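The values are calculated or read from the model by the stated rules, or taken from the named source; none is laboratory data. All figures in this text were calculated on a predicted structure; none of them were measured in a lab. Here the Cβ positions follow ideal geometry from the backbone for every residue, glycine too, while neighbour counts run over all protein chains shown. We work out accessible area using only protein heavy atoms, side chains counted, and drop any ligands, DNA or RNA first. Shrake-Rupley method; radii C 1.70, N 1.55, O 1.52, S 1.80 Å.
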Amino acid sequence: AKAEARGVFRYFEPDMDARLQARRVLENDLRHALETEAFEVYYQPIYSLGAERVCGFEALLRWKHPVRGFISPAEFIPLAEELGLIIPLGEWVLAKACADAVRWPDGLKIAVNVSAVQFTSASLVSAVRDALRVTGLPGRRLELEITESVLVANPGTTTAILHSLKGLGVRVSMDDFGTGYSSLSYLRSFPFDKIKIDQSFVRDLCEEDGTDFIVRAVISLGASLGMTTTAEGVETEAQLARLRAEGCDEVQGYLFSRPVPITEVPNILARWNGA
Ligand code: C2E
Ligand code: CA
Ligand code: CA
Ligand code: CA
């Protein structure tokens, strides 16, 4: 930006004006999308290396924008959080994912992402309880994925919420493990069931840059804390072989399947589980 001495802006950059304008349009579209349910939930299989079959799916939100096509959650989730729309949107995803999953073969789990804003809202536990009651999905088939940013703000409240969720039989996973800070102490302090090793580590596996040792350490740390480990973003056979050798419990990535619409779930089960 062009600024005068002492940092006083003389004028808005036309660029910035356009960006603000575009953002306002996106805001309106997002509000409208929520009213018209212009969202869809895609599912990506999670593969168990112990059972050698698909053991569940992660629900990933998609926004079908009338003009721009599919917009990535990485773009609209932060906006939804800022606008307070993440609460209704998150509750919609939860209800939809549970309703879809209850019709899958028993034993298949459904993992749902929960934003930090949603997690610390007073309504999360009751939203989860409602989704289970309304759909009839047993709590043990639901996993909630949260990132460690949730834990920083208010550790006391977070612990209480985690315990309430576990009281419903629901499992909780720490998502994107290794991308934040003080993950290790968080693992000890909070009752997680699962660690999801971030795809940035998986990408660098087999690169001889020390990543293999980190992944090995995380898997054994998880095991000693009684947690399952899932590796995300597995794209190659070499990565898969390494994760298998290290004793990783579950894997997820394009090597198995991209996230797919609900109609594709039977094909995925037929391909990997023969069912
Ligand atoms: P995430 O929870 O870490 O989800 C994994 C992301 O990695 C997904 O991106 C998935 O499509 C992508 N992915 C899976 N396998 C591979 C692979 O082999 N290679 C590569 N390069 N990528 C892979 P997506 O669907 O675009 O979602 C991005 C993020 O948006 C998610 O990251 C999650 O943080 C957030 N998100 C998605 N759906 C929801 C939701 O319903 N609620 C909330 N709060 N956040 C969501
Ligand atoms: Ca996730
Ligand atoms: Ca992740
Ligand atoms: Ca992520």
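Rundown of residues vs (1) open to solvent by less than 30 Å² (accessible area, probe 1.4 Å); (2) among the aliphatic types (A, V, I, L, M); (3) more than 16 Å from ligand 3 (Cβ to nearest atom); (4) at pLDDT 95 or above, yes/no style:
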residue	(1), (2), (3), (4)
Val170	yes, yes, yes, yes
Ser183	yes, no, no, no
Arg188	no, no, yes, no
Asp198	yes, no, no, no
Ala223	no, yes, yes, no
Cys248	yes, no, no, yes
Glu264	no, no, yes, yes
Asn267	no, no, yes, yes
Report task. Could you pull out the residue among Gly253, Gly274 that is modelled with pLDDT under 95 and closer than 28 Å to Val41 by Cα? Result -> Gly274
Report task. Would you mention how many residues in the stretch 149-164 are closer than 23 Å to Ala97 by Cα, touching a helix residue (DSSP H, G or I) at 6+ places or on another chain (Cβ under 6 Å) and surrounded by fewer than 21 Cβ atoms within 10 Å (Cβ to Cβ)? Result -> 1
Query raised in the report: For Ala51, all conditions in the list (1) under 25 Å from Leu255 (Cα atoms); (2) modelled with pLDDT under 95; (3) open to solvent by 50 Å² or more (accessible area, probe 1.4 Å) hold save one; what is the number of the exception?
Result: (2)
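I'd like to check which strands (runs of 3 or more DSSP E) are fully inside the stretch 135-233 and have at least 3 residues that are of a type in the set (A, V, I, L, M, F, W, C) and within 16 Å of ligand 2 (Cβ to nearest atom). I'd like the intermediate steps shown before the answer.
Numbers: elements: 142-146, 171-177, 194-197, 228-231.
Once the strands (runs of 3 or more DSSP E) in the stretch 135-233 are filtered for at least 3 residues that are of a type in the set (A, V, I, L, M, F, W, C) and within 16 Å of ligand 2 (Cβ to nearest atom), what remains is 142-146, 171-177.
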**Report entry** strands (runs of 3 or more DSSP E) within the stretch 24-117 that include 2 or more residues in contact (Cβ under 8 Å) with a residue 12 or more places away in the chain and in contact with a Phe, Trp or Tyr (Cβ under 8 Å, 6 or more places away or on another chain)
**Finding:** 39-48, 53-65, 109-113
Report task. Evaluate the following for Gln21: is it assigned to a strand (DSSP E or B) and either over 16 Å from Ile87 (Cα atoms) or open to solvent by less than 60 Å² (accessible area, probe 1.4 Å) (or both)? Result -> no
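For the stretch 230-246, enumerate the residues that are of a type in the set (A, V, I, L, M) and surrounded by fewer than 16 Cβ atoms within 10 Å (Cβ to Cβ).
Result: Ala238, Ala241, Ala245.
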Requested in this report: Provide a single number: the residues in the stretch 134-148 that are away from ligand 1 (no atom under 16 Å from the Cβ) and of a type in the set (Ser, Thr, Tyr).
Outcome: 1
Report summary line: Residues of the stretch 110-134 being within 16 Å of ligand 2 (Cβ to nearest atom) and over 23 Å from Tyr186 (Cα atoms), in sequence order, are Ile110
